[in-house]
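What follows is calculated from the coordinates using simple rules that are stated; it is not laboratory data. This structure is a prediction, so every number in the text was calculated from the model and none was measured. Please note: Cβ atoms are built from the backbone with ideal geometry, for glycine as well, and neighbour counts cover all protein chains shown.
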């Protein structure tokens, strides 16, 4: 557990920054809700002024910004999902790439520790971090939710919206982890993985908006945990979660297989 | 018992040659020098032994264990100082030692006395952050992390580069202690003199191939020096006439036993010399010199002439 302990300590500062920024944004957004809800009629007018595509992107063709779950799903959930994915991708990529980037892998591989063990400890670290990240963000957001939102809402839907991002975040962390084998400079692997997150987000948007291209949604992890689906069904599709987990397993397994036979030259 | 045993070990990076047919045996308790110019394959050999890179051909065993299959087990008893040192910038020296020691049997608490002792010997401030250390101090951190667990085999890749002379001396004292304790030392360098001083046997590697493995005693008869003399004027007191002919005559006067190679260029004469320095100085004293350099020659030059001579 040496590497795990070390990694847990080494990354907590960036975790705190990300949690504070994202949870802070959530609190600010939730604080706006009361004034939104008051003027719900005006709001509907406003929404109708926007093009239909716009509403569709945020699921507002099926959700109502004026009710608590609709507001949370479109405003808060969206941010946690997207920005959290960037955090996760950077975490997964950086945790592996930094060793070769800073030549510290020379130090680590001189110890009596197998490569498999190093990878396992690093995977455990990012899994722990992602769960911790979502837990902290959710706790803070929930506190704000209770303070600012007085209308009735579905606790189950809210809870599901807090759990769902974890699977997407894990997926991007695992893909970043794999990418770190091919881009050993941290700066390049960060660009690649952030590009992947943003790119796949837009693939999802295109799938939503373009008739005939809706099959593209299977390429975008974001579409597996669609907010409107979760809120309206009060459930997350088990199949979707399984697919995301399978992607995780495949990415991590590929990383193990390649890393074990890799020439480490720094 | 052989501590390191390689059999036609080969490493290619794609098509680029790393090492070729390296066959070596290092016995327990030996101090073994591994010498060659930059890019000859010293680090490649070491990195293959530690399984940072995978051999393209051949086999190697350390402590009788396979370098690929049993690498982690091997590394439990190896201390490695890499040529280029990289450590976790955010850690203090002490935190790094804790991290390093945590991987070995007994952990930090058991290895702490040795760590403290080594940090004192090398005058390292344990609270300093790694990123605030100079290159020389980073090198010293590298030495301590390689030695802290009293390894059975020490693999040192150019350990003296970047160290000031005082610290080099301390390093050799510490290494002598390790050797006395029973450790085997595998020592790569491109400085012939330190290998000659310290090692029992030496392997010479060039362009990926082992040229030969030699008892250091046999190399010792030739402590080489590069001598460069600039005469003040052509001719000198001996009145052998002016111009280049005069220099040639002076150079002739420097023809004494131990001159392996001689080059004359205007008033400058360069010698590769492995004879009696006193005799050289006596000869030079007869001339009017503008300047005189004595330095350690580049390795390639020494070997070139060493083997030319051997070939005759």
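Here are some notes:
- Taking a ≥ b ≥ c as the square roots of the eigenvalues of the Cα gyration tensor, the stretch B:2-220 is classed as prolate, since a/c reaches at least 1.5 and a/b is larger than b/c.
- Rounded tilt (10° steps) of B:165-181 against the dominant C-alpha axis of chain B: 50
- Extension gain, residue B:54 to residue B:285: 0.36 nm times the residue separation minus the Cα-Cα distance gives 77.5 nm.
- Among the residues of B:40-49, the average count of other protein chain beta-carbon atoms within 10 Å of the residue beta-carbon is 1.
- Under the criterion of Cα pairs below 8 Å and six or more residues apart, the relative contact order for the stretch B:2-220 equals 30 percent.
- Cα gyration tensor, the stretch B:100-195 - rounded (a/c under 1.5), prolate or oblate: oblate
- Helix-only CD estimate at 222 nm, as mean residue ellipticity for chain A, using -39500 (n - 2.57) per DSSP H run (n ≥ 4): -25000 deg cm²/dmol
- Helix A:40-49 vs. chain A, principal-axis angle (Cα, 0 to 90°, nearest 10): 70
- Most to least packed among A:87-93, B:139-145, B:76-82 [average Cβ atoms within 10 Å]: A:87-93, B:139-145, B:76-82
- Nearest 10 degrees, 0 to 90: helix B:107-121 Cα axis against chain B principal axis: 20
- Gyration tensor verdict on the stretch B:1-72 (Cα atoms; rounded if a/c is under 1.5, prolate if a/b is larger than b/c, oblate otherwise): oblate
- Span from the the stretch A:151-229 Cα centroid across to the the stretch B:1-64 one, whole angstrom: 46
- Across peptide B:99-106, the average count of Cβ atoms from other chains found within 10 Å of a residue's Cβ is 4.
- Inter-chain shielding of A:97-106 (mean C-beta neighbours from other protein chains, 10 Å cut-off): 4
- Gain in span if fully extended, residue B:295 to residue B:215, counting 0.36 nm per residue against the direct Cα distance: 26.4 nm
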